[in-house]
Amino acid sequence: MSSLTNSRVARDVFDEDAIVKKERWRNLIAFWILGLCNNYGYVVMLSAAHDILKSKFGEEDVTPDTNSTITTGDRACNTVSTGAILLADIIPSLAIKITAPFLPFLVHARLATCVLFSAAGFLMVSLSTTEWLAIMGVVITSLSSGLGEVTLLSYSNEFHKDVISTWSSGTGGAGIVGAVSYAGLAMVLSTENTLLVMLIVPVLEAIAFWCILKHPVHTRIPITKDGINSQEQIVKVPKKSFRDKINLVPGLMKYMIPLGLVYLFEYFINQGLYELIEYDDIWLTHAEQYRWLQVDYQIGVFISRSSVNLVSVNKIWIMSVLQFINVIILLFEAIYYYIPYIWIVFIIVLWEGLLGGGAYVNTFYKISTEIPRADREISLGITAMADAIGITLAGWLSMPVHNAICRLPQPKRLGV
């Protein structure tokens, strides 16, 4: 009788382990999809919204130049820096990231809002007949992305810490998938119809959150008095007041400042310098060079955001220093054209993406392991605003730098 009981107990334990393992894989997959869907609209809108505005509201009698260039000195420059487009897509996200951590954490209501806003953004930009409606579609998409990031990073505290890795990998994958899918579909469909096809993305986000993800039964974190795991002594963490949340900010600066600096430097490169780097008489046109530099960057981001379980970095500030070195190298390239081959630039840009993605995933991974569990949810949400602040500053900084470089004469490339 005793052996039969032991056998049943062993079988029950085995079944329970199998269920836990299955749920863990479901959660890892769900967070990868959520990361992909959350950042997908943001990535696509940076290019698609500009195309929509140009095709619908551009003047018909202008020279058919896809780059809307003007000649200033000897350089052919965009009339408006791509930093201006970046600001339109990041400021709403920054606003929501600043406020959301201090609002009630109603995760299901927040995700429903993200899904609806994402779908509305695609619809508004695609079907818009007025310029303000198209811009509002970009804003709504940005709000969806910002709210989704701050919410899901906080919610990851309820799951195994490895979901941070899959979430980050998914957000990195959004750059590649977004760029490739938009470019591929735009070859056979109009920009408007391409965006309508992309309505599948918010649907997939809803499926991942409500069908694939295994939600915890209790969202409040139980803690024990004096660290004793006694059922009688378990108490619930009280809700944090606004003051309690603000008091956490100084202790999070060691994570936020390096992360914000990395994003300031890399988006200054992306939106202020890429378009000013040009190689003549090669197999790529200037516009194609810009697009492939963006793809190259996204590949680096995806690789590093997927690698935290293989390679982890404790000193995030080192990445900000290395990223600043990239700024100096590429700033002088944009001014003087001293790098003889575009392949060298591609290598530097890939390295730039590796640093940016690595700073993101390692920062949130460190928080998930170093911050006390009772403070972790709100800490993840607050830190999420650091990258948006850096990106916003980069957008503002890149515009005057772009204009200043455009007033310089175009040099002859050395070594060729």
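The values are calculated or read from the model by the stated rules, or taken from the named source; none is laboratory data. From a predicted model like this one, the values you see are computed outputs, not experimental measurements. Every residue, glycine among them, receives a Cβ derived from its backbone with ideal geometry; neighbour counts consider all protein chains shown.
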> Within region 368-405, which residues are among the hydrophobic types (A, V, I, L, M, F, W, C) and surrounded by 22 or more Cβ atoms within 10 Å (Cβ to Cβ)?
Replying inline: Leu380, Ile382, Ala384, Met385, Ala386, Ala388, Ile391, Ala394
> Restricting the search to region 279-297, which residues are within 27 Å of the chain's Cα centre (by Cα) and either at pLDDT below 85 or of a type outside the set (Ser, Thr, Tyr) (or both)?
Replying inline: His286, Ala287, Glu288, Gln289, Tyr290, Arg291, Trp292, Leu293, Gln294, Val295, Asp296
>> Please go through region 319-376 and give me each residue that is farther than 30 Å from Ser156 by Cα and hydroxyl-bearing (Ser, Thr, Tyr), ordered by number.
In response: Tyr336, Tyr337, Tyr338, Tyr341
>> Give me the helices (runs of 4 or more DSSP H) completely within region 157-238, filtered to those with at least 1 residues that are among the aromatic types (Phe, Trp, Tyr) and either on the phi < 0 side of the Ramachandran plot or at pLDDT below 85 (or both), ordered by residue number.
In response: 163-188
>> Can you tell me how many residues within region 97-143 are in a helix (DSSP H, G or I), in contact (Cβ under 8 Å) with a residue 12 or more places away in the chain and closer than 16 Å to Met385 by Cβ?
In response: 8
>> Can you name every one of the helices (runs of 4 or more DSSP H) wholly within region 301-408 that holds 2 or more residues which are without any contact (Cβ under 8 Å) to a residue 24 or more places away in the chain, out of contact with any Pro (no Cβ under 6 Å at 6 or more places or on another chain) and not charged (D, E, K, R)?
In response: 316-336, 342-370, 385-406
> Among the residues of region 88-106 satisfying the criterion of being among the aliphatic types (A, V, I, L, M) and under 21 Å from Glu131 (Cβ atoms), which is surrounded by the most Cβ atoms within 10 Å (Cβ to Cβ)?
Replying inline: Ile90
